[in-house]
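What follows is a single structure, written as structure tokens, with notes after it.
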Amino acid sequence: MKSAADIWICNVCRSINPLKSNRCYRCHTPIQIAAAKPEELSVHQAPREAHTEPVGTYRSSESLAVLVTVGAVAFILAGFLALWTTYTVNDVRVTDSRAAADALFQQRFLFLIPAPVIGVLALLAYAAWIRRAVVNVPALGLGFASVSPTWAFVEPLIPGFNLYSIPARIAEVIQKLGGHLYATALIGLAWIFLVGPAVVLVYVARFTRFLGTGAELLRVTSIGAIVVFVFQALALALMLVVLWQVEKLLRAKAASVGTAKAATATAEAR
């Protein structure tokens, strides 16, 4: 059984948290802000849903959003170049000879390099952007995200896990900002475009492998990869639309907070 020395109580939502937890499990307020002793809490004071006092300084994330946009567009173009190069090499391998395909591959090998490099840079730009967005949420008095800014930067860089973390974190920021009419639906559609066609291609390739020839499998995978990437490019485009919707919400909230502060300062001056 845990003693009082092993726990801390959140002064925002009154949740009981283990001492090893640095954030409230319910409202996500950091321990430095929310930790309180039982005798410090009034039974007559109702719990709040979130810490509504601004914490930190708001900094615009628009320049990072521009970098993400440029990086995503460049990645799409570089990705199509790499996939077309792969398709032409495989087509020569099927219709001509292995030696001719190897020679063509050596000539066009450099076309394959930009896509992964640009992809990593674009992902880093996005990680920096979502980190700034997570920092701006408490700076605007909207409570805290379910993860720290550091983890918000790290989680998009984890392969596989980022398929969950990227849409989940953007959706959380949108919810903190008051929601948007169709942004959540666009996130869901983008996720379907990103994952669905890839799953279909895996099953088609397996079917072709068992019932077709090696040449047919090579051609199916080459063409299928291009088709899948078309859908993934659409998914990226949809997520860019959502990203700029978040930017719009952040600017609007920052403007309203600034107006409220100015009105308060004027009232106090009087």
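The table that follows gives values for the structure above.
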| item | result |
| --- | --- |
| Heavy-atom surface of the chain, accessible at 1.4 Å and reported per residue (Å²) | 57 |
| Among Leu19, Leu64, Leu238: highest mean-square fluctuation, GNM of the chain, C-alpha pairs under 10 Å | Leu19 |
| Acute angle (nearest 10 degrees) that the helix 214-269 long axis makes with the longest principal axis of the chain, alpha-carbon atoms | 20 |
| Between 0 and 90°, nearest 10: helix 98-108 axis offset from the chain longest Cα axis | 40 |
| Relative contact order [Cα under 8 Å, 6+ residues apart], the chain, whole percent | 19 |
| Choice from Pro159, Pro197, Pro18 with maximal GNM fluctuation in the chain (Cα, 10 Å cutoff) | Pro159 |
| Per-residue [θ]222 nm for the chain (sum of -39500 (n - 2.57) over DSSP H runs n ≥ 4, rounded to 500) | -23500 deg cm²/dmol |
| Cα-Cα pairs of the chain separated by more than 29 Å (percent) | 49 |
| Top positive-direction residue, dipole computed over the chain with Cβ charges, set Ala205, Tyr87, Leu157 | Leu157 |
| Prolate/oblate/rounded label for the range 49-114 (Cα gyration tensor, a/c 1.5) | prolate |
| Fraction of accessible area attributable to carbon and sulfur, the chain (%, probe 1.4 Å) | 67 |
| Largest to smallest accessible area among Tyr182, Tyr58, Tyr164 [probe 1.4 Å] | Tyr164, Tyr182, Tyr58 |
| Assigned charges on the beta-carbon of Lys, Arg, Asp, Glu; the chain dipole about Cα centre (debye) | 280 |
| Dipole of the chain [Lys/Arg +1, Asp/Glu -1 at C-beta], most positive-end residue of Val147, Ala115, Gly214 | Val147 |
| Calculated Rg and Dmax of the range 153-239 using C-alpha coordinates, Å | 16.5, 55 |
| Number of Lys pairs (Cα under 16 Å; 8 or more positions apart or on different chains) in the chain | 6 |
| Taking only Cα atoms of the range 45-165, radius of gyration then Dmax in Å | 21.8, 80 |
| The range 147-182 versus the range 102-129: alpha-carbon centroid distance in Å | 25 |
| Of Val202, Val228, Val242, the one that fluctuates the most in a GNM where the chain has Cα springs shorter than 10 Å | Val202 |
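The values are calculated or read from the model by the stated rules, or taken from the named source; none is laboratory data. Values in this document were obtained by computation on a predicted structure and should not be read as measured data. Backbone-built Cβ (ideal geometry, glycine too); neighbour counts: all protein chains shown. Accessible surface areas use protein heavy atoms only, side chains included; no ligands, DNA or RNA. Shrake-Rupley method; radii C 1.70, N 1.55, O 1.52, S 1.80 Å.
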